[in-house]
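Following: one structure in C-alpha cells, then a few remarks.
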C-alpha cells in the first residue's frame, strides 16, 4: 500500500477521537503507575516500624492492594497528572480536543 492510499483510508486507530481516547487511557495508566510507586514507598516506610513483624506472603497482598488503590485513584482524577499530560498534548495539537463529546 502506497502512502497516498494509506492517507485516503486512515486506520480506525488514527481517527482523532480514537487517538484521544487511547491517549487518555495511557495518561491515566501512567498516573496509576506513578501513584503506585508513591503509595508503595509510603506503605513500606510505615510497615517497617520497629517491633512490627511482617507475616509470610503479606508483601503480595500489600502490593495488590496498593495497585488497586492507585488504579482507583487515577481513574477518579488522582493527582491531576493525567489531565496535565492530556492538556499538554491538546495544546501541541498531538491529539484532538474531545472534551465537548464527554
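Looking at the structure I just gave you, is residue 65 at pLDDT below 85, in a loop (DSSP other than H, G, I, E, B) and surrounded by 11 or more Cβ atoms within 10 Å (Cβ to Cβ)?
no
For the condition within 16 Å of the chain's Cα centre (by Cα), at pLDDT 85 or above and not in a helix (DSSP H, G or I), what is the one hit in 79, 38, 84?
Going through 79, 38, 84 in turn, just one is within 16 Å of the chain's Cα centre (by Cα), at pLDDT 85 or above and not in a helix (DSSP H, G or I): 79.
So if I check each of 46, 30, which one is out of contact with any helix residue (DSSP H, G or I) (no Cβ under 8 Å at 6 or more places or on another chain) and either surrounded by 13 or more Cβ atoms within 10 Å (Cβ to Cβ) or modelled with pLDDT under 75 (or both)?
Of the residues listed, the single one that is out of contact with any helix residue (DSSP H, G or I) (no Cβ under 8 Å at 6 or more places or on another chain) and either surrounded by 13 or more Cβ atoms within 10 Å (Cβ to Cβ) or modelled with pLDDT under 75 (or both) is 46.
The values are calculated or read from the model by the stated rules, or taken from the named source; none is laboratory data. Treat the numbers as computed from the prediction; the structure is a model and nothing was measured. Every residue, glycine as well, gets a Cβ built from its backbone with ideal geometry; the counts of neighbours run over all protein chains shown.
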